[in-house]
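Peer 1: Before I ask anything, let me first share the structure, which is written out below as structure tokens.
The values are calculated or read from the model by the stated rules, or taken from the named source; none is laboratory data. Because the structure is a prediction, the values reported are computed rather than measured. Every residue, glycine as well, gets a Cβ built from its backbone with ideal geometry; the counts of neighbours run over all protein chains shown.
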Amino acid sequence: MIEPKRVLRALAEHWALLEPLCERFDGGTLSLGELRQQLAAQQLDSTPQDITSLLDVWIRLDILVPVAKSPNRFELNAQIHDFLAYLRREHRLGLCLEIEAYLRHLERLAGHIQDAFEIRDGNDLARQLRLLDMRVRDVLKKLDNDEQALVAVAERAKTSDRQIPLRQRYAEVLATWDEYVEPMIQLVNADGAFEQGVRKVETVLLRLLGEQARLGHLVDDDMLLRTHARILEMQTSAQLTLRKARELLLPLREEARRHNAVTRGAALALSVIRRKGLDAVPQAAMPLFTRPQSTFLGNASQVEAYVYALARFEPKPAQFPKAHKSHKGEPQRAPRTVKEMLQRCENALPLPDLMVWLLEQEPEGATDELLYWFSRLSREKRFARARLDRRDYLTREHQVSLRSFALTSSREPSPETTASPVHAS
Amino acid sequence: MHLDLSELSQLAPIFRELFKGFHISRRDPELYAQLSNFQDQYRGLFRALGYELVCDTRGFYYFVPEQAAAQVNKTAQRLSLFTFILVEHLADQGRDPMAVLDGGSLGRDELPSLLEKYRDLFIQAEVQTPDELEEKIMRRMTQLGFASEDNGIYRFLPPMHRFLDVCLSVQQDRDLAASLHSALPLPTPVLIEEEDPQELNKTDDPLDLSPFDESEEDALARAIADEQQEIDA
């Protein structure tokens, strides 16, 4: 028989060494070598003999026990481990089945109480009532422990590395939901085992109170009332634990489910697109949004000319070049692309006057084309622009009056940046 | 509803951005705060002007185009495709797609390998080079307020939920899943055309041996009419 005081004294004395070991033991058993290494790391000035004697004390006090069939591996004595877990507020989630088993036992105890009362056995009645009371305390303790454990599950999921896949990160949440919360919902349901058990015990206790008043007291009424109050407390506590579990885990579970659905949806859409093309994705699912409107530079007559040209459109036969014929006359220059112009402009930065630069680049360019490039390049985000004074510019055909821009790279600080629209006349 | 325009101090920039198709989120704190504080007033005003302002509880605002003008454009298809690809790519790498697309970021340097891996799909969206991927997809995303770009890092903003919703609705689409497992083309509605009784008698099949129910006069008149038609043509 180990003296409890010695165990408690050893726990208190070696708490600094035991507490970190608890975490290791939470993850499994430790070999003698690992244990020695762990203790040596914590006690740098200790000799191997000190560690041996320390381990010897723990083994003699039953704090450490050898693992069955592996005498060189050790674990914390389960009772001590639970006690230390309680002290460290490290709660392990129990099983819903345990609560159900306790409830079945409560129902049986209610039966025994009824029997004891019927045969007017006062001692047995008091004993059964005490047992009932202690069992209810067990359930309450368990519910409280489970609630703390659920908080820890949610915290672990929320604080774990964001880089690991959500499914992996929330694996514990999903398992807890399936193995604890879901059965608890069934259990605490109006027609579940919990409610039935509580109702049965409550009926017996209330009937007992009435009968005692009629037939005379076998036990103190206070004892019955206290047990009854504790049963109601247990019922409320179960409902609160369940509510808390739902509040904590449901959003995380939904997040994980949504994540799975998104990944699955994306994979499904891609396989449909691979097999049947981009248009196969249901149009109804696609988001609709207004197309970005560009600020269109053009005067009324340009728009009129454009519409007129559209209305009077006549297709012309396309003249494809022939491989065997050499091109006569001046080779036709391909139109400039936006990318090409942007590149050229970027290479020429900083530009003291965009319009002057354009006229140098495209001396033969048509006025509307030059104005288009002026509008396009001055609005480019890569460039910072500073408004210049109004002046006249001569194109091949026209005299244009406008306020040009000086362009610099947008990465460099510019004297004045403006987003006001271009005005040309 | 009483509207005090002096309260709507950001009306002009808000309208300008929304009208361009931009999604306003917390990335634009001033505009977002105005919309949040005077949500009903803005919604009422825009509705009166014929614009439907959508206030998504996940933290963004946008205009929904009129149904008459609403059609899925190439941009929507491209951006959806990009989202599908990115979700699958991240999941393949063991990264969390939701963490990236819901407020996370993606480096510009990751784009070329993404393009290489999904070249067959990007081609369908007319995207073949990294430049095109940046121009047609990433730039569009920033223009529409789905992402922001800073020093070669694209940060995804709350409006991305619109594309994540597409993934969800595709996932829920049982017909689509079923069609994937069959070799048949996607179901299209079949309309029954009413046939003209006259047409029933016509036959162009030279091997059709069924007797003509036509008198000699009728046959002659038909031949003359056909010939006349050819001359006219």
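Peer 1: Just to verify a result, which residue in the range A:238-270, among those that are away from chain B (no Cβ under 14 Å) and surrounded by fewer than 19 Cβ atoms within 10 Å (Cβ to Cβ), is farthest from residue A:151 (Cα to Cα)?
Peer 2: Only one residue tops the list, namely A:239.
Peer 1: Considering only the range B:1-100, give the helices (runs of 4 or more DSSP H) lying wholly within it that have at least 1 residues that are among the hydroxyl-bearing types (Ser, Thr, Tyr), over 19 Å from residue B:148 (Cα atoms) and not assigned by TED's automatic domain parsing to the domain that holds residue B:127. Steps first, answer last, please.
Peer 2: On the way: elements: B:11-19, B:29-37, B:39-48, B:74-92.
Hits in the range B:1-100: B:29-37, B:39-48.
Peer 1: On the basis of being under 20 Å from the mean Cα position of the chain (by Cα), within 12 Å of chain A (Cβ to nearest Cβ) and at pLDDT below 90, does residue B:101 make the cut?
Peer 2: So residue B:101 fits the description; yes.
Peer 1: Moving to a separate point now. Would you pick out the residues in the range A:1-41 that are among the polar types (S, T, N, Q) and under 36 Å from the mean Cα position of the chain (by Cα)? Before the answer, list the steps.
Peer 2: Going through the range A:1-41, the residues among the polar types (S, T, N, Q) turn out to be A:29, A:31, A:37-38.
Within the range A:1-41, A:29, A:38 meet the criteria.
Peer 1: Any residue that is assigned by TED's automatic domain parsing to the domain that holds residue A:220, in contact (Cβ under 8 Å) with a residue 12 or more places away in the chain, surrounded by fewer than 17 Cβ atoms within 10 Å (Cβ to Cβ) and farther than 30 Å from residue A:23 by Cα - is there at least one of those in the range A:148-157?
Peer 2: No; the residues of the range A:148-157 include none that is assigned by TED's automatic domain parsing to the domain that holds residue A:220, in contact (Cβ under 8 Å) with a residue 12 or more places away in the chain, surrounded by fewer than 17 Cβ atoms within 10 Å (Cβ to Cβ) and farther than 30 Å from residue A:23 by Cα.
Peer 1: Moving on. Based on this model, can you work out whether residue B:124 counts as within 13 Å of another protein chain (Cβ to nearest Cβ), at pLDDT below 90 and within 21 Å of the chain's Cα centre (by Cα)?
Peer 2: Values: within 13 Å of another protein chain (Cβ to nearest Cβ): yes; at pLDDT below 90: yes; within 21 Å of the chain's Cα centre (by Cα): yes.
Answer is yes for this residue.
Peer 1: Would you point out which residue out of A:218, A:297, A:250, A:288 is at pLDDT 80 or above and not acidic (Asp, Glu)? Explain how you work it out, then say what you get.
Peer 2: On the way: A:218 fails: at pLDDT 80 or above; A:297 fails: at pLDDT 80 or above; A:288 fails: at pLDDT 80 or above.
Sole residue among the options that is at pLDDT 80 or above and not acidic (Asp, Glu): A:250.
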